[in-house]
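The values are calculated or read from the model by the stated rules, or taken from the named source; none is laboratory data. Just so it is clear, the structure is predicted and the values come from calculations on it, not from any experiment. In this analysis, Cβ positions are derived from the backbone assuming ideal geometry, glycine residues included, and neighbour counts consider all displayed protein chains.
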Amino acid sequence: MPQGASQRFHPDDALRLFYAVLLPPALQSAIAELQQRLRRHGARVGWGAPENLHFTLKFLGEVPARMLLDLRRVGVETARRCAPTVVTLEGVGAFPNPRHPRVIWVGTGEGAHQLGHLARALHRNLEASALFLGDSRPFAAHCTIGRVRDPRDTDGLAAAIGSEASFAPGSLECTEFHLMLSELSRSGPTYGSLARFPLLAQPRNEEHAHAAGGSESGDRSRA
């Protein structure tokens, strides 16, 4: 955690927090171009700002600032036992399904298994530390890029999402994750990193054997 970060807040301050893997500028730009193509279809969508794009590992919600040191400790312990990996971004989809889009996302190919391993390790450590209860929903490696504000008149958007199935903007080297602060406003959320956690373990060959396993279904990013 940056020196003095915990001193920025009163212990009773409620902070909206989540753990995440951030996207590099090149992928931010590629997804911004995708968003522009999807905008043309007229649906009312709240599009994520390119600088905010990320993979949510665990959404914590509003927690008291006094928990920051414990959350940092869990992040350090998780990162110590997890290895860096390469994550390939592939495809565009929507929850609950592309024909009735509510949450629009970019998916993953290679590296989805390792990203899921990181998320599950983080969940287990939070639960073992009695900070949060376990999450029964499977983790789905995806990057949320927009949320539909009005479910009407989304036929064109649904068709456009289907036409972007081959979207493949590249890969990111996942070498760290962050504890993020989300501050809400009328213009949209502003995100800031409160701590970064470099992944320190050595990659294992058996993990790479599962790298093409694709996304698991279920978890939906709220951050």
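Quick rundown of the values:
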quantity	calculated
Whichever residue in the range 1-32 is aromatic (Phe, Trp, Tyr) and modelled with pLDDT of 95 or more and, among such residues, is surrounded by the most Cβ atoms within 10 Å (Cβ to Cβ)	Tyr19
Residue within the range 11-25 that is hydrophobic (A, V, I, L, M, F, W, C), in contact with a strand residue (DSSP E or B) (Cβ under 8 Å, 6 or more places away or on another chain) and part of a helix (DSSP H, G or I) present	no
Every pair of residues 6+ apart whose Cβ atoms lie under 8 Å, when the first sits in the range 96-108 and is within 12 Å of Trp47 (Cα to Cα) and in contact (Cβ under 8 Å) with a residue 24 or more places away in the chain while the second is hydroxyl-bearing (Ser, Thr, Tyr) and assigned to a strand (DSSP E or B)	Val103/Thr144; Ile104/Thr144; Trp105/Thr144
So Thr88, is it within 30 Å of Arg204 (Cα to Cα), buried (at least 21 other Cβ atoms within 10 Å of the Cβ) and out of contact with any His (no Cβ under 8 Å at 6 or more places or on another chain)	no
All strands (runs of 3 or more DSSP E) inside the range 38-111 with 1 or more residues being over 27 Å from Leu126 (Cα atoms)	45-47, 85-97, 100-108
Some residue of the range 170-185 being touching a Gly at 6+ places or on another chain (Cβ under 9 Å), within 20 Å of Gly42 (Cα to Cα) and modelled with pLDDT under 95	no
Residue that is surrounded by the fewest Cβ atoms within 10 Å (Cβ to Cβ) [pool: residues in the range 122-153 that are touching a Phe, Trp or Tyr at 6+ places or on another chain (Cβ under 7 Å) and within 29 Å of Ser29 (Cβ to Cβ)]	Thr144
Unmet requirement for Ala119, which otherwise passes all of (1) part of a helix (DSSP H, G or I); (2) surrounded by fewer than 19 Cβ atoms within 10 Å (Cβ to Cβ)	(2)
